[in-house]
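Here's the structure we're looking at; comments come further down.
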Amino acid sequence: MTNGLILGAHGQIAQLVRQRLLAETDVHLTLYLRNSYRIKKTNPQRETIIDGDVNDYHKLTTAMKSQDIVYANLGGRFEPMAKNIVKAMTANNINRLIYVTGLGLYHEVPNPFGQWVEDSVGHDVMADTRRAAQIIEESKIDATIIRAAYMDNNDEIDYELTEKGIPFKGTVISRKSIADLIAKVIKNPKLYENSSLGIAKPGTNGDRPMF
């Protein structure tokens with residue numbers, strides 16, 4: 001049985017992934033989040049809930065024990081969290097990470113949308129996001145970084161991927177589509193090893209998010 005750790009387990013995408021994995025696999029899930037009263041176990045035999053902050057290295061590294069794959073879907077200051085994730089995974093000899101972030105890590109978004117993203121998100125946040133991704137990419141961890149377009153809650157799975165070094169396509173993506181990609185990688189960890197993937201809905205190119 002595979003053991004998977006979800007960091008930020010209360011997030012919308014994380015909850016979609018959780019539902020998929022419980023329905024389609026035998027993965028045992030450790031759900032790591034702040035204020036854990038916000039979620040309840042769906043399957044007590046296959047779920048463990050830990051109340052913790054990714055910035056708390058001691059608690060994080062304890063949660064990492066016996067895990068096979070880590071999926072991180074976080075908000076806040078990303079650089080210190082990325083450092084803790086890499087350090088805790090290394091300490092526990094865990095080598096597989098799925099890390100969800102936003103578009104624009106490599107200035108790969110064509111203008112004028114690319115400039116709109118920079119202006120909307122802000123320099124400080126973008127710089128923090130890029131430093132976090134760099135920490136992961138420069139580590140020895142086998143990571144799949146998912147660079148998501150602007151998210152919506154449409155009930156659809158429809159996406160295309162762009163590899164690192166390829167201009168980003170599209171402006172929006174459903175959370176359900178991102179969850180589908182994550183579930184596929186957790187089911188088959190050999191999929192998209194050591195990669196950074198842009199994800200967006202086909203045909204949504206534009207100067208602004210196509211909501």
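The values are calculated or read from the model by the stated rules, or taken from the named source; none is laboratory data. Model, not experiment: these values are computed from the prediction. No Cβ is skipped: glycine too gets one built from the backbone with ideal geometry, and neighbour counts run over all protein chains shown. These area figures cover heavy atoms from the full protein model, side chains too; ligands, DNA and RNA do not enter into them. Shrake-Rupley method; radii C 1.70, N 1.55, O 1.52, S 1.80 Å.
Listed here are the residues, each with its yes/no results for (1) under 27 Å from Lys190 (Cα atoms); (2) touching a Lys or Arg at 6+ places or on another chain (Cβ under 8 Å); (3) not aromatic (Phe, Trp, Tyr).
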| residue | (1), (2), (3) |
| --- | --- |
| His10 | yes, yes, yes |
| Val17 | yes, no, yes |
| Arg38 | no, no, yes |
| Lys41 | no, no, yes |
| Leu60 | yes, no, yes |
| Asn73 | yes, no, yes |
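Considering only region 33-70, state which residues are farther than 28 Å from Arg147 by Cβ and acidic (Asp, Glu).
Scanning region 33-70 gives Glu47, Asp51.
Which of the numbered conditions does Gly206 fail, given that it passes all the others? Conditions: (1) modelled with pLDDT of 95 or more; (2) open to solvent by less than 50 Å² (accessible area, probe 1.4 Å).
For Gly206, the failing item is (1).
Just wondering, is there one or more residues in region 37-49 that are touching a residue at least 40 places away in the same chain (Cβ under 8 Å), surrounded by 14 or more Cβ atoms within 10 Å (Cβ to Cβ) and among the charged types (D, E, K, R)?
Among the residues of region 37-49, not one is touching a residue at least 40 places away in the same chain (Cβ under 8 Å), surrounded by 14 or more Cβ atoms within 10 Å (Cβ to Cβ) and among the charged types (D, E, K, R), which makes the answer no.
Can you name the number of the only condition in (1) within 20 Å of Ile199 (Cα to Cα); (2) open to solvent by less than 40 Å² (accessible area, probe 1.4 Å); (3) over 14 Å from the mean Cα position of the chain (by Cα) that Ala149 fails?
If we test Ala149 against (1) within 20 Å of Ile199 (Cα to Cα); (2) open to solvent by less than 40 Å² (accessible area, probe 1.4 Å); (3) over 14 Å from the mean Cα position of the chain (by Cα), just (3) comes out false.
Quick one: is Asn73 under 20 Å from Ile146 (Cβ atoms), modelled with pLDDT under 95 and not aromatic (Phe, Trp, Tyr)?
Yes.
Would you mention how many residues in region 64-103 are among the small types (Gly, Ala, Ser), open to solvent by 20 Å² or more (accessible area, probe 1.4 Å) and farther than 30 Å from Gly170 by Cα?
Within region 64-103, residues that are among the small types (Gly, Ala, Ser), open to solvent by 20 Å² or more (accessible area, probe 1.4 Å) and farther than 30 Å from Gly170 by Cα number 2.
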